[in-house]
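A.B. asks: Sharing a structure, written as structure tokens. Questions coming.
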Amino acid sequence: MATAAAPARVPTPEIPNRLYFRIGDVSKLTGVKQHVLRFWETEFPALHPKKSGTNQRLYRRKDVELVLEIKHLLYEKRFTIEGARGFLQQRRQRGPKPAPAPKPARQAALFASASPDAARIEAVRDELRAVLALLS
């Protein structure tokens, strides 16, 4: 009795800390062939690597991250190219979600002197107030 196991999610590769990547490097990092990357440049307006004086494509880190996201949308989530383009445009228009503001009761709890370092912090504050009084 065979059971269908869910496909294992491939971990995202570690992107080296470099300013620019050539198309071959991006291809190796992402597992996407070079001709596919060039095609995606025509289909996704957000993906536009710079070109060097010798006309080589130079991808930035954010371009590599976008390639990985496009690959995820197309190959794993099974979006069409048009659907993935629309999804990325909607996300860009909405922008990043702002972090919710903490509630006032939680803020008071954050600044309560319940931590063991609170006495040291209060002593430093007192010293700073004394210095401020001397300077004024």
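A.B. asks: From the residues 90, 53, 68, which one has its Cα farthest along the dipole of the range 21-94 in the positive direction, the dipole being from +1 and -1 charges on Cβ of Lys/Arg and Asp/Glu about the Cα centre?
C.D. replies: Of the candidates, 53 comes out farthest on the positive side.
A.B. asks: Treating the Cα atoms of the range 21-94 as identical point scatterers in vacuum, please give the log10 of the normalised Debye intensity I(q)/I(0) at q = 0.18, 0.21, 0.25, 0.27 Å⁻¹, two decimals.
C.D. replies: Taking Cα atoms of the range 21-94 as identical point scatterers yields -0.68, -0.90, -1.23, -1.38.
A.B. asks: Charges at C-beta only: +1 for Lys and Arg, -1 for Asp and Glu. How large is the resulting dipole of the range 21-94 about its Cα centre, in Debye rounded to 20?
C.D. replies: Values: 17 positive and 8 negative charges, 38 e Å.
Magnitude of the dipole: close to 180 debye.
A.B. asks: Additional query: Would you mind ranking 35, 72 so that the residue whose beta carbon has the fewest other beta carbons within 10 Å leads the list?
C.D. replies: Details: 35 10, 72 15.
Lowest to highest Cβ neighbour count: 35, 72.
A.B. asks: Taking θ = phi - 60°, what integer Hz values does the Karplus form 6.51 cos²θ - 1.76 cosθ + 1.60 yield along the range 77-86, in sequence order, with x for Gly and Pro?
C.D. replies: Each residue's phi maps through the Karplus curve to give 8, 6, 6, 7, 4, 5, x, 5, 4, x Hz.
Coordinate-derived values only; no laboratory data. On a predicted model such as this, the values are computed, not experimentally measured, just so you know. Cβ atoms come from the backbone with ideal geometry, glycine included; neighbour counts cover every protein chain shown.
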